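Okay, structure first, notes after.
Every number here is computed from the coordinates shown, using simple stated rules; none is lab data. Everything numeric here is computed off the predicted structure, so don't read it as measured data. Counting neighbours? That spans all protein chains shown, and the Cβs are built from the backbone with ideal geometry, glycine included.
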Amino acid sequence: MKKIAVLPGDGVGQEVTAEAIKVFDTISEKYGHAFDYEYALVGGAAVDAYGTALPQETLDLCRTSDAILFGAAGGPKWDNLPSHQRVERALATIRKELDLYVNLRPMKVRPALAPVLPIKKEIVGDGLDFIVLRELTGGLYYGEPRGIFFEADGKRKGLNTLVYTDYEIERIARAAFELARTRSKRVTSVAKENMMESSRLWRDVVTEVSRDYPDVELNHVLIDAATYHLIRNPRQFDVIVTGNIFGDILTDEAAALVGSLGLCPSASYGDSARRFAKQTAGQSEQGLYEPIHGTAPDIAGQGIANPIGAILSAALLLRHSFEMKKEAEEIERAVENVLEKGYRTTDIAQAGKKTVGTKEMGELIADELHTF
């Protein structure tokens, strides 16, 4: 019995998580797996029920589960809470408490969606496939001091601190190099060393780590140049490793290449360098899995959100936390087949294709699984 903590959260997080569970149930039925889903509140829903975005029982459930499936947290209703109580901090706390320092975000550009992509067909070609490894428990989102302060003259000052240690950089770098060894052996490190001391350390440490991986090519690119090249020539990238805020921004930009934030999954791990090393194959670890989109309050409750990011996150969960590679591959193939058959949610709607809602897309993918 595999225990999955299910945290649907707010807005469309609740809708898309339900479709991921539908796919899990299909896999369970097909292969005889036993998944134990334990639900808990997080984000705005938890604020309304408990007065806090991350109740202790939710955090305890995360600690004792084999894996965590997360939806999304936040919304306009809770925007005016004090900064330390903001619902988005709940997810940040889970990541920090469980030391899930690597955020793996696969970016796959599908030729079938070329007509709705904002880039030229010749750039898409036969598709793009690269991964961003975002350092997840350090950097600007966690550095201290932070806050809004009053100066002596009564004026306010907003302060955030970007801090990285060589230890934090080294472990994310090793995860990137180990992952690159399973792909095309190319790593691009993204920072801002021409202006920021933290990025100078980042470049130095990544370079030092690279000496242990002479078979992997390393390139350093400034963040501003990276945003340009990601649109102009994305084929040059395979594994991108970068800090917390840069990774957050780059992957939202990359989602435009893919076609929609609703298509993008993610997985967050602890000892990820060991995960990708061949000599430790067969060892699984706890992880947190979530689509990279937000709660989308403008469409929440309408049944039109794209569940594919959540469903592909479920595939990552099976592959990395439960060692169910075949099952994960079948989910990914089912998604590809449904898109190839012309089914679309509203965010990737296309003339001549059939637009479906959240539940119908989930059902189509679940039904496709039965054809393998």
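Per DSSP H run of at least 4 residues, take -39500 (n - 2.57); add these up for the chain, divide by its residues and hand me the 222 nm value, nearest 500 deg cm²/dmol.
-12500 deg cm²/dmol
For the chain, with a Gaussian network of springs between Cα atoms less than 10 Å apart, report the residue from PRO214, PRO234, PRO307 with the top mean-square fluctuation.
PRO214
List the pair-distance distribution P(r) of the stretch 132-214, using every Cα-Cα distance, as the percent of pairs falling in each 10 Å bin from 0 up to the bin containing the longest distance, rounded to whole percents.
All Cα pairs, binned at 10 Å, distribute as 16, 41, 24, 12, 6, 2 percent.
Out of all DSSP beta bridges with both ends in the chain, state the antiparallel percent to the nearest 5.
Looking only at bridges with both residues in the chain, the antiparallel portion is about 40 percent.
Pulled fully out, how much extra length does the chain show between GLU285 and THR161, if you take 0.36 nm times their separation in residues and subtract their Cα-Cα distance?
Net length gain for the segment: 41.6 nm.
Can you give the relative contact order of the chain as a percent, counting alpha carbon pairs under 8 Å and 6+ residues apart?
This gives 21 percent for the chain.
What area, in nm² and to one decimal, does the C-alpha convex hull of the stretch 105-285 cast on average over all directions?
12.7
Treat the count of other C-beta atoms within 10 Å as a stand-in for reagent exposure and order ILE304, ILE27, ILE311 from fewest to most.
ILE304, ILE27, ILE311
What ranking do TYR101, TYR39, TYR269, TYR167 get, fewest neighbouring Cβ atoms within 10 angstrom at the top?
Arranged by neighbour count, lowest to highest, TYR101, TYR39, TYR269, TYR167 become TYR167, TYR39, TYR101, TYR269.
Under the Karplus relation 6.51 cos²θ - 1.76 cosθ + 1.60, θ = phi - 60°, what is the ordered set of whole-Hz ³J(HN,Hα) values for the stretch 193-200, x standing for Gly and Pro?
Result, rounded to whole Hz: 5, 6, 10, 10, 5, 4, 6, 5.
With the alpha-carbon atoms as the only input, what is the per residue convex hull volume for the chain in Å³?
Per-residue hull volume (Cα only) is 149 Å³.
Give me VAL12, VAL47, VAL216, VAL23 ranked fewest to most by other Cβ atoms within 10 Å of their Cβ, as a rough exposure proxy.
So the residues, fewest neighbours to most, are VAL216, VAL47, VAL23, VAL12.
Amide H of CYS264: which non-local residues (sequence gap of 5 or more, or other chain) have their own amide H closer than 5 Å, using H built in the peptide plane?
It is ILE292, GLY309, by chain and number.
What does the stretch 25-145 give for Rg and for Dmax, in Å, if only its C-alpha atoms count?
18.8, 52
Can you tell me the mean projection area, over all orientations, of the convex hull of the stretch 313-369's alpha carbons? Units nm², please.
Answer in nm², one decimal: 3.9.
Please give the length that would be gained between ILE119 and ARG333 if that part of the chain were fully extended, namely 0.36 nm times their separation in residues minus their C-alpha to C-alpha distance (nm, one decimal).
74.6 nm
Against the empirical 2.2 N^0.38 Å scaling, what ratio does the C-alpha Rg of the stretch 52-122 come to?
1.58
Along the positive direction of the dipole of the chain (beta-carbon charges: Lys, Arg +1; Asp, Glu -1; about the Cα centre), which of ILE231, VAL102, GLY309 reaches farthest?
ILE231
To the nearest 20 Debye, how big is the dipole of the chain about its Cα centre, given +1 on the beta carbon of each Lys and Arg and -1 on that of each Asp and Glu?
It comes to approximately 720 debye.
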